[in-house]
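The block underneath contains the structure these notes are about, expressed in structure tokens.
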Amino acid sequence: MRRKSVSHNNTMKKVRFVLSLFAAYWVVLLLMSGVHTGLLVLMDRFQCGGVVQSAVAMAYWGIVAAGIAWFAVGRIKNTYEIPMQQLADATSKVAAGDFSVYIPTLHTADKMDYVDVMIKDFNKMVEELGSIETLKTDFVSNVSHEMKTPIAIMKNYAELLQADRIEDGLRKEYAESIENAATRLSDLIVNILKLNKLENQRITPEAEDYDVCRQLCECILQFEDAWDEKVIELGTDIEDVAMVRADASLMELVWNNLLGNAVKFTEPGGSVTVRQTSDENYIRVSVSDTGCGMSQESMKHIFDKFYQGDTSHSKEGNGLGLALVKRVLELMDGDIQIASEEGKGSVFTVTLPVDGMNENREVYVHG
């Protein structure tokens with residue numbers, strides 16, 4: 001994810017001890033000086049000696065100093081010590097792995113000073129750390145689950161292959177099942193590595209000018225056997241040439257994932273259509289199918305890692321394809337939109353800027 005600059009309201013108070021407080025101290029000292037003068041006049045009237053006057057003056061100013069010190073200590077405690085102690089305690093809890101910590105601000109939103117802003121930013125940081133921790137836990141859980149299934153399949157069929165007597169047909173079937181499970185496991189690892197590379201490193205996509213129409217045609221041809229096997233009708237509406245500036249290898253990943261999903265979710269005898277249009281600013285490519293479609297809830301999570309709205313096809317994928325697509329298009333300064341209806345199919349529309357991504361910006365993603 002890209003770092004976001006944090007800006008705060010210009011009306012935020014820059015200091016905690018306002019000038020009015022110092023003015024109050026000054027007025028108090030003037031009043032105390034007046035009282036002191038009054039005491040001296042009173043003691044002269046009663047003809048008190050110099051020793052008595054000195055003792056009274058010292059006692060008086062001692063009491064005044066103690067009162068001011070007590071007030072100042074109270075202000076410092078409420079202003080700095082208590083908030084800093086709360087922040088220190090909260091920091092210790094976060095360091096120990098507790099991300100449920102929350103510190104209330106000292107003032108309302110319209111009267112916040114820099115300590116309130118610091119506390120507010122701390123709360124936001126803890127909230128984001130908690131989200132990251134949850135994502136990490138979910139990611140590990142999902143990866144473990146996705147790896148467990150193909151490993152179990154390979155183990156079971158390997159045990160069956162060890163039988164003393166086994167028909168050649170069954171031996172071939174078991175071997176194919178092991179190969180398919182190994183391929184699924186390999187694809188999972190490859191996709192995890194790709195997603196890790198896209199999300200957790202500084203990435204500089206290698207932009208080049210190339211013909212996206214030719215690339216689309218080449219990607220479509222890779223699925224020729226899949227079309228024929230499921231008797232899917234393929235329709236294309238693609239321009240002769242459409243030049244775009246992008247990373248060709250990453251965009252190939254996008255087209256292959258979208259075409260692969262279209263084949264996977266389209267029932268035998270259905271149809272898939274690839275359309276491409278362009279204007280002076282953008283190139284748009286849509287991949288539509290007559291498959292099972294998606295619910296509104298599924299569309300909200302379709303780009304989440306490991307999310308599979310239609311679990312009947314879960315054995316054919318690992319839920320990382322569209323997460324990869326989304327991340328690649330973010331790097332290309334592109335966009336993807338979905339239109340879908342349950343039982344009627346889906347349409348994925350990719351929009352790319354003709355001039356390509358902004359190559360001058362630095363891409364930073366957390367890691």
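Among the listed pairs Lys230/Lys264; Lys93/Lys124; Lys230/Lys326; Lys93/Lys120; Lys300/Lys326; Lys300/Lys344, those whose Cα-Cα separation exceeds 20 Å are Lys230/Lys326.
Note on the stretch 38-133: Cα convex hull, mean projected area over all directions, 9.6 nm². Its alpha carbons give the stretch 72-128 an Rg and a Dmax of 11.9, 37 Å. Protection proxy ranking for 243-256, 263-276, using the average of other Cβ atoms within 10 Å per residue and placing the highest first: 243-256, 263-276.
Keeping all protein chains in place, calculate the accessible area per residue for the stretch 53-136 (probe 1.4 angstrom), answer in Å².
Here the residues of the stretch 53-136 average 65 Å² of exposed surface.
Relative to its Kirkwood radius, the Cα radius of gyration of the stretch 253-301 gives an Rg/Rh of 1.04.
A convex hull fitted to the Cα coordinates of the stretch 21-90 yields 71 cubic angstrom per residue.
The values are calculated or read from the model by the stated rules, or taken from the named source; none is laboratory data. Bear in mind the structure is a predicted one, so any value in this text is a computation, not a measurement. Glycine gets a Cβ as well: all are built from the backbone with ideal geometry, and neighbour counts include every protein chain shown. Ligands, DNA and RNA are excluded from the accessible area calculation, which covers all protein heavy atoms including side chains. Shrake-Rupley method; radii C 1.70, N 1.55, O 1.52, S 1.80 Å.
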